[in-house]
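The values are calculated or read from the model by the stated rules, or taken from the named source; none is laboratory data. Everything quoted here is computed from the prediction, not taken from an experiment. Cβ: placed from backbone, ideal geometry, glycine included. Neighbour counts: every protein chain shown.
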Amino acid sequence: MKYENAVLEYRLKKGRNEFVPLYYYSDIDLGEILARRECEFFVKNGVTYKQLSSGLEDQLFVIYLELFEEEPPLENQQTKKSTIPLEIRELNARKNHPIITTKIYDNHFDILSEIGSVYTYTDGKEWERDSAEIDEDRKTYILYVISTGYEC
């Protein structure tokens, strides 16, 4: 496999055309890199970053970020180390983005399959993807969706 020694680096925008290394992950599998790259937002240490773009430099995957907002870190969820939670939340700031459902997956390719889809179906309703986030503080992916009004 071509990217078996892949690493991930997050770079933060400083100034007009300057990016500085922020976080570096050398012990990471390709599935996790791809799932993280699909996320428009990245949360770590209470800071939310917005993804500007991504790139690939040989075996180095790079995600370029800008500061989005800062707030105190949320409490970490208790999950098994081998499982990966995905919260599907309604995009509604007035209601604090209520959780529609939480799914637990065993690998990042399953997460990628869900967050990379335009539409998802939960409880007989169709939801359209708005954005996705990796909240490293809580070790959770979040998919923000909007109801299409279609029921199946």
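Points worth noting:
- Of the numbered criteria (1) farther than 26 Å from Arg129 by Cβ; (2) charged (D, E, K, R); (3) within 15 Å of the chain's Cα centre (by Cα), the one Arg16 fails is (3).
- Being over 13 Å from the mean Cα position of the chain (by Cα) and at pLDDT 95 or above holds for only one residue in Ile115, Ile142, Ile134, Ile104, and it is Ile104.
- Selection of the range 8-21 for residues being closer than 14 Å to Lys44 by Cβ and part of a loop (DSSP other than H, G, I, E, B) yields an empty set.
- Residue in the range 22-29 that is in contact with a Leu (Cβ under 6 Å, 6 or more places away or on another chain), without any contact (Cβ under 8 Å) to a residue 24 or more places away in the chain and in a strand (DSSP E or B) present: yes
- Residues being part of a strand (DSSP E or B), exposed (fewer than 14 other Cβ atoms within 10 Å of the Cβ) and hydrophobic (A, V, I, L, M, F, W, C) - total across the range 65-76: 1
- Tyr150 being of a type in the set (Ser, Thr, Tyr), more than 27 Å from Ile28 (Cβ to Cβ) and at pLDDT 95 or above: yes
- Check on Val62, closer than 19 Å to Asp137 by Cα, assigned to a strand (DSSP E or B) and among the aliphatic types (A, V, I, L, M): no
- Search result, residues across the range 138-152 that are surrounded by fewer than 16 Cβ atoms within 10 Å (Cβ to Cβ) and closer than 25 Å to Tyr49 by Cβ: Lys139, Ile146
- Of all residues assigned to the range 71-85, at least one qualifies as being within 19 Å of Tyr144 (Cα to Cα) and at pLDDT 95 or above.
- Residue ID - surrounded by the most Cβ atoms within 10 Å (Cβ to Cβ), chosen from residues in the range 87-111 that are touching an Asp or Glu at 6+ places or on another chain (Cβ under 6 Å) and of a type outside the set (A, V, I, L, M, F, W, C): His108
- Odd one out for Arg11 among (1) surrounded by 14 or more Cβ atoms within 10 Å (Cβ to Cβ); (2) modelled with pLDDT of 95 or more; (3) out of contact with any His (no Cβ under 8 Å at 6 or more places or on another chain); (4) under 23 Å from Ser82 (Cβ atoms): (4)
- The set of residues in the range 34-59 that are closer than 14 Å to Glu136 by Cβ, among the aliphatic types (A, V, I, L, M) and not in a strand (DSSP E or B) contains only Ala35.
- Odd one out for Lys2, checked against (1) basic (Lys, Arg); (2) surrounded by 11 or more Cβ atoms within 10 Å (Cβ to Cβ); (3) at pLDDT below 95: (2)
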